[in-house]
1. What's the center-to-center distance, using Cα atoms, between region 22-46 and region 60-101 in Å?
2. In Å, what Rg and Dmax follow from the Cα atoms of region 91-145?
3. So what are the ³J(HN,Hα) numbers for region 130-145, from phi and the Karplus equation (6.51, -1.76, 1.60; θ = phi - 60°), rounded to whole Hz, Gly and Pro as x?
4. With charges set only on the Cβ (+1 for Lys and Arg, -1 for Asp and Glu), what does the dipole of region 75-165 come to about its Cα centre, in debye to the nearest 20?
5. For ARG75 and ARG138, FRET efficiency with R0 = 22 Å and r from the beta-carbon atoms, rounded to 0.05?
6. Can you give the helix-only mean residue ellipticity at 222 nm for the chain, where every DSSP H stretch with n ≥ 4 adds -39500 (n - 2.57) and the sum goes over all residues, rounded to the nearest 500 deg cm²/dmol?
7. Mind listing the long-range amide H neighbours of VAL185? Cut-off is under 5 Å, sequence gap 5 or more, other chains count too, H placed in the peptide plane at 1.01 Å from N.
8. Among TRP104, TRP53, TRP167, which one shows the biggest mean-square fluctuation in a GNM of the chain, springs joining Cα atoms closer than 10 Å?
Amino acid sequence: MPTRTQLLRAAHDDIFATPGTDTARSAIARFRSPLTRMLLGSDGLTTTLLESWAGSPLEVGDVTLRFVRAERAPRGAAALLGTEGDVLVRHSTLTDARGRMWSWNQVVAGPAGEPALRRCLTDASAPVGPALRAAGARLGRTVVRAGVTPWPPDPREQAAFRTYRLWCGDDVLAAIHEVFNPAHVPADLREAA
């Protein structure tokens, strides 16, 4: 089980990593947009930050939920969770009132955790972060990867992403991979020095 103070880099061959990215902090610093840097480096709720950026509430869309053995989970997720048992895999998007997609999200959660928190992870009607906060969870994040990756709805476009461990107190609750729509969240990088 990982401890709160560990900062492990994801392996290059897992779905939670993108070849060519650097350590999380230096990768975030390479983005031109200060808003993108703030979003990727934040320890706050992604939904709240995106709603501020969008100027409107965001809704969950296109949710799929499945339980799989850890070895069938997205590569690297079980290692971030420190589990070998069954895991929940949740894919979702966040969209604004006009139907514009802001993010594509993948959440992988292990079997541990309080039942109320597990319900938040499987509730397809609510974003994970706000639902967990409403349930009283003390949340924190450790960003393990960040950079650019193909935008899932259109792989020809490059999008900003971050992958992190979501902590509830001292326990890892989930491994989360968020990819942000480049139409709204600039993915342009600064020139290398």
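The values are calculated or read from the model by the stated rules, or taken from the named source; none is laboratory data. Everything quoted here is computed from the prediction, not taken from an experiment. Glycine also receives a Cβ, built like all others from the backbone with ideal geometry; neighbour counts cover every protein chain displayed. To get the accessible areas, we keep the full protein, side chains included, count just its heavy atoms, and leave off ligands, DNA and RNA. Shrake-Rupley method; radii C 1.70, N 1.55, O 1.52, S 1.80 Å.
1. Using only Cα atoms to place each centre, the spacing works out to 22 Å.
2. 12.4, 37
3. These are the phi-based 3J(HN,Hα) values: x, 5, 5, 5, 4, 7, x, 6, 8, 9, x, 10, 10, 6, 10, 8 Hz.
4. 240
5. Calculated value: 0.15.
6. One gets -5500 deg cm²/dmol as the mean residue ellipticity at 222 nm.
7. none
8. Greatest mean-square fluctuation among the candidates belongs to TRP53.
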